[in-house]
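Let me begin by presenting the structure, written as structure tokens, before commenting on it.
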Amino acid sequence: MRILVADDDPGVRTILNGALRKLGHEPTLVEDGQAAWDAHRAHAFPLIISDWMMPRLSGPDLCRAVRSVSQEQYTSVIILTTLSSRSNFVEAFDVGADDFMAKPVNLDELKARVKVAERIGGLHTRVTMLEGLLSICAYCKKIRDDNSQWQHIERFVATRAPVSFSHTICPECKAKG
């Protein structure tokens with residue numbers, strides 16, 4: 001998995017880079033929150049691991065920015081920090097973080113939390129796919145819309161796309177007579 005790591009401490013970046021590569025991931029390392037936001041906007045990452053306190057854009061501000069834009073792919077955010085108060089923990093989740101880790105980073109804990117982020121991403125992909133399914137009546141071919149109302153397929157599609165329909169009979173149905 002591609003992982004964006006944002007931390008102003010080069011030692012922490014080096015440790016995370018080695019650990020994530022050892023786990024088979026592809027980390028991209030940046031030195032602050034603004035560089036992380038720029039990298040994420042250029043090519044969305046499924047996981048961002050961000051320090052809390054960084055120059056130019058803090059971890060919580062980076063998380064807010066990520067959550068402020070809609071994305072096809074979900075981005076999990078793990079905030080790293082030396083801050084350990086309950087208020088910091090709560091604030092991280094309030095701004096949209098998926099997880100919170102204390103520094104120094106425990107590598108076994110990192111491995112487990114990255115696995116959780118992978119599961120979240122997989123579940124998001126599955127939910128998005130299921131939301132794209134249409135309920136269609138096997139008999140009359142009406143489609144259930146977002147308001148649980150049944151509509152003829154032509155009306156359903158026409159209200160969502162610039163299309164019009166011409167009706168004909170396919171060769172198989174024509175042969176049945």
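Just a few scattered comments:
- Spin-label pair SER166-ASN106: with each label point 7 Å from Cα along the Cα-Cβ axis, the two points sit 6.8 nm from one another.
- SER76 long-range amide H proximity, modeled H, under 5 Å: LEU47, ILE48
- In the chain, lysine pairs closer than 28 Å at Cα, eight or more apart or cross-chain: 9
- Listed residues LEU80, LEU57, LEU133, most fluctuating in the chain (Gaussian network, C-alpha, under 10 Å): LEU133
- Segment ILE136-ARG56, extension gain: residue separation times 0.36 nm, minus the distance between their alpha carbons: 23.7 nm
- Label point distance in nm, ARG41-GLU72, each placed 7 Å from Cα along Cα→Cβ: 2.0 nm
- Each peptide in 148-160, 90-102, 113-125 was scored by the mean count of other Cβ atoms within 10 Å over its residues; highest first, the order is 90-102, 113-125, 148-160.
- For segment 87-177, the Cβ-based charge dipole about the Cα centre amounts to some 640 debye (Lys, Arg positive; Asp, Glu negative; other atoms uncharged).
- Between segment 9-43 and segment 103-171, the Cα center-to-center distance that results, in Å: 32 Å
- Helical mean residue ellipticity (222 nm; -39500 (n - 2.57) per DSSP H run of 4+; nearest 500) of the chain: -13500 deg cm²/dmol
- Dipole of segment 2-131 computed with +1 at Lys/Arg Cβ and -1 at Asp/Glu Cβ about the Cα centre; of LEU130, GLN34, ASN17, farthest Cα towards the positive end is LEU130.
- The charge dipole of the chain, taken about the Cα centre with unit charges on the Cβ atoms of Lys, Arg (+1) and Asp, Glu (-1), comes to about 940 debye, rounded to the nearest 20.
- Reported label for calculated mean projected area of the Cα convex hull in nm² given [x] 12.5; [y] 15.1; [z] 10.3: [y]
- PHE93/ARG119 FRET efficiency (R0 22 Å; Cβ-Cβ; nearest 0.05): 0.80
Readers should treat all values here as calculations from the given coordinates under stated rules, not as data from a laboratory. For clarity, every value in this text was computed on a predicted model and none was experimentally measured. Here the Cβ is made from the backbone with ideal geometry for all residues, glycine too, and neighbour counts use every protein chain on show.
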